[in-house]
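This report refers to the structure that appears directly beneath it.
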Amino acid sequence: MDWFNYRDGQLFCEDVNVDELAAEFGTPLYVYSRKTLEHHYDELTKAFAELDPMVCYSIKSCGNVHIVKLLAERGSGMDVVSGGELYRAIKANANPAKVVYAGVGKTDDEIKFALQRGIGYFNIESEAEFENIAHIANKMQMTANAALRINPDVDPKTHAKTTTGKKESKFGVDIERAKRFFERYGRDKFIRLNALHLHIGSPVYSAEPYVNAITKALGLIDELRAMGFEITALDIGGGYGANYVHEQTPPYAEYAERIVPLLKPFVDGGGRVIIEPGRTIACNAGVLLSRVQYIKVGGQKKFVILDTGMHHLVRPAMYESFHFIWPTNVAPAHEPAQRLETMPNEGLDPADVVGPICETGDCFAKDRPLPPVARGDLMAIFAAGAYGMVMASNYNAMPRPAEVLVSGKGYELIRRRETYDDLVAAEMELDLMPI
Ligand SMILES: *Cc1c(COP(=O)(O)O)cnc(C)c1O
């Protein structure tokens, strides 16, 4: 569900005509809908309410400080995977006690920063990492809670690059090793190892892989408790789907109706459930607006060349992922009632939609049927709110897009457009060696 809809052939974000945003702020432009972000957060929280979970929004999916702030104000904790993301959480006034911190390569500086800020849980990925965090905590005479990330060896049936819960993945430790892990480190005085963490991959379009993974985790919790260890929390990760195409993902209630009964006894026994949604909150809450620069016809092929590309939205190039792309202003007959991979409308003309980057891979869509488009037209790339701007780069020395947050009839710029000076600023500091 989102609030990007056509009215008489014109795309609106909530009650704002997106063409007016492009006119005011230029393109390429990320446009987010506040109502959509809040709706997703509220609906997910409601679906899992019986578990009273700690919801930790995954900052890596869409990390603009203003977006993190509005979710923090709604009560969300944060899932971070770096010191930089923790910094964003702090800038957004998130409660550090509701921050969970995962990632296989945490550096000493990042660990010190997280200890000083008093985060909720370190999600531990390996023995070597635990030893290092415990050593640093000991030196600083500080304590923290930790969850061991387990690798439940389930296949979430998603893209190879976003599968994280199979045995051969770099994340977490397998169930057998988890018991030895607790025997060895479960009585550390500085880092209290008292929770488990899972994150199986993304996007996961059914409850089944969660059910399999959680069942294994609960079995392990029973064994660990029998061994005398206290397990106070189970973090079941993120990965819930989003609608890249019309109603592709099940409603939250469908995940919850399988997951909640499974976890209810754990919660009734005093255990805390943590969930880490990212994509499902942010994905449909954002579009990337782009101006058509040129139409190029070569042989049988037509290319629609945009002022944005893989440098601003890398998902198609990196994961072969589908994004619905449509002009923001169309004849009423071409209003897309649904966003589908093949559109039923008459009068569509297939084209490759490409960016300006000097890479053949800089292509959003091949042979995509589109309504008539001309130089200067505005196009919307939908479902770009998650893993869009956060993965944007300055490749080919292209400034990154501006970001706007719409709320009802109002809107505000939440990140200004980068300038050429921004591109070279870190290289032009006075104490660098002159060339
Ligand atoms: C990326 C990530 C998430 C969020 O995944 P989504 O698919 O965006 O929900 C949650 N937890 C961890 C540990 C992650 O790395």
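At a glance:
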{"quantity": "The chain: most fluctuating residue of Val31, Val287, Val245 per GNM, C-alpha cutoff 10 Å", "calculated": "Val245"}
{"quantity": "Cα gyration tensor, segment 1-95 - rounded (a/c under 1.5), prolate or oblate", "calculated": "oblate"}
{"quantity": "Of Lys60/Lys91; Lys98/Lys179; Lys35/Lys409; Lys91/Lys139; Lys35/Lys157, those spanning more than 19 Å from alpha-carbon to alpha-carbon", "calculated": "Lys98/Lys179; Lys91/Lys139; Lys35/Lys157"}
{"quantity": "Residue of Gln248, Gln300, Gln116 that the Gaussian network model of the chain assigns the largest fluctuation, springs spanning Cα pairs under 10 Å", "calculated": "Gln300"}
{"quantity": "Neighbour net charge for Arg7 - beta-carbon separation under 10 angstrom, K R +1, D E -1", "calculated": "-3"}
{"quantity": "Estimated D of segment 211-264 in µm² per second, where Rh is the Kirkwood radius over Cα pairs and Stokes-Einstein applies at 20 °C, 1.002 mPa s", "calculated": "164"}
{"quantity": "Contour minus Cα-Cα distance for Glu359 and Ala426 (0.36 nm per residue)", "calculated": "21.5 nm"}
{"quantity": "FRET efficiency, Glu176 to Asp222 (Cβ-Cβ, R0 22 Å, nearest 0.05)", "calculated": "0.90"}
{"quantity": "For the chain, calculated [θ]222 nm from helices alone, where every DSSP H run of n ≥ 4 adds -39500 (n - 2.57)", "calculated": "-8500 deg cm²/dmol"}
{"quantity": "Cα centroid separation - segment 1-65 against segment 370-388, whole Å", "calculated": "16"}
{"quantity": "Equivalent ellipsoid semi-axes - Cα gyration tensor, segment 239-344, angstrom", "calculated": "40, 16, 12"}
{"quantity": "Within-11-Å neighbourhood charge of His159 [Cβ basis; K, R +1; D, E -1]", "calculated": "+2"}
{"quantity": "Accessible area of the chain belonging to carbon and sulfur atoms, whole % at 1.4 Å probe", "calculated": "50"}
{"quantity": "Cα convex hull of the chain - mean projected area over all directions, nm²", "calculated": "23.2"}
{"quantity": "Bridge type composition, the chain - antiparallel percent by DSSP, nearest 5", "calculated": "50"}
{"quantity": "HN-Hα J in Hz across segment 307-316 - Karplus 6.51, -1.76, 1.60, θ = phi - 60°, x for Gly and Pro", "calculated": "8, 9, x, 4, 6, 10, 8, 8, 3, x"}
{"quantity": "Compactness of segment 306-385 as Cα Rg over 2.2 N^0.38 Å, two decimals", "calculated": "1.06"}
{"quantity": "Debye equation applied to the C-alpha atoms of segment 34-278, log10 I(q)/I(0) at 0.11 Å⁻¹", "calculated": "-0.53"}
{"quantity": "³J(HN,Hα), Karplus 6.51/-1.76/1.60, whole Hz, each residue of segment 191-200, x for Gly, Pro", "calculated": "10, 7, 7, 9, 7, 10, 9, 9, 8, 8"}
{"quantity": "GluC sites (Glu not before Pro) within segment 325-401, DSSP loop, no more than 10 other Cβ atoms inside 10 Å", "calculated": "Glu346"}
{"quantity": "Beta bridge orientation in segment 34-278: antiparallel %, DSSP, nearest 5", "calculated": "5"}
{"quantity": "Label point at Ser169 placed 7 Å out along Cα→Cβ; residues across segment 70-86 whose backbone nitrogen lies under 19 Å", "calculated": "79-82"}
{"quantity": "Environment charge of Arg184, counting only residues whose C-beta is closer than 12 Å and scoring Lys/Arg +1, Asp/Glu -1", "calculated": "0"}
{"quantity": "Accessible solvent surface per residue of segment 34-278, calculated while the other protein chains remain in place, 1.4 angstrom probe, Å²", "calculated": "41"}
{"quantity": "GluC sites (Glu not before Pro) restricted to segment 396-431 and DSSP loop, no more than 12 other C-beta within 10 Å", "calculated": "Glu427, Glu429"}
{"quantity": "Cα-based reach from Lys167 at 16 Å (exclusive), listing aspartates and glutamates while leaving out same-chain residues under 8 positions away", "calculated": "Glu125, Asp153, Asp155, Glu176"}
{"quantity": "1.4 Å probe accessible area per residue over segment 305-353, in Å²", "calculated": "42"}
{"quantity": "Among Ser61, Ser206, Ser321, residue whose mean-square fluctuation peaks in a GNM of the chain (springs only between Cα atoms under 10 Å)", "calculated": "Ser321"}
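The values are calculated or read from the model by the stated rules, or taken from the named source; none is laboratory data. Note that the structure is a prediction, hence the values are computed from the model and not measured. No Cβ is skipped: glycine too gets one built from the backbone with ideal geometry, and neighbour counts run over all protein chains shown. Note: areas computed on protein heavy atoms with side chains; ligands, DNA, RNA excluded. Shrake-Rupley method; radii C 1.70, N 1.55, O 1.52, S 1.80 Å.
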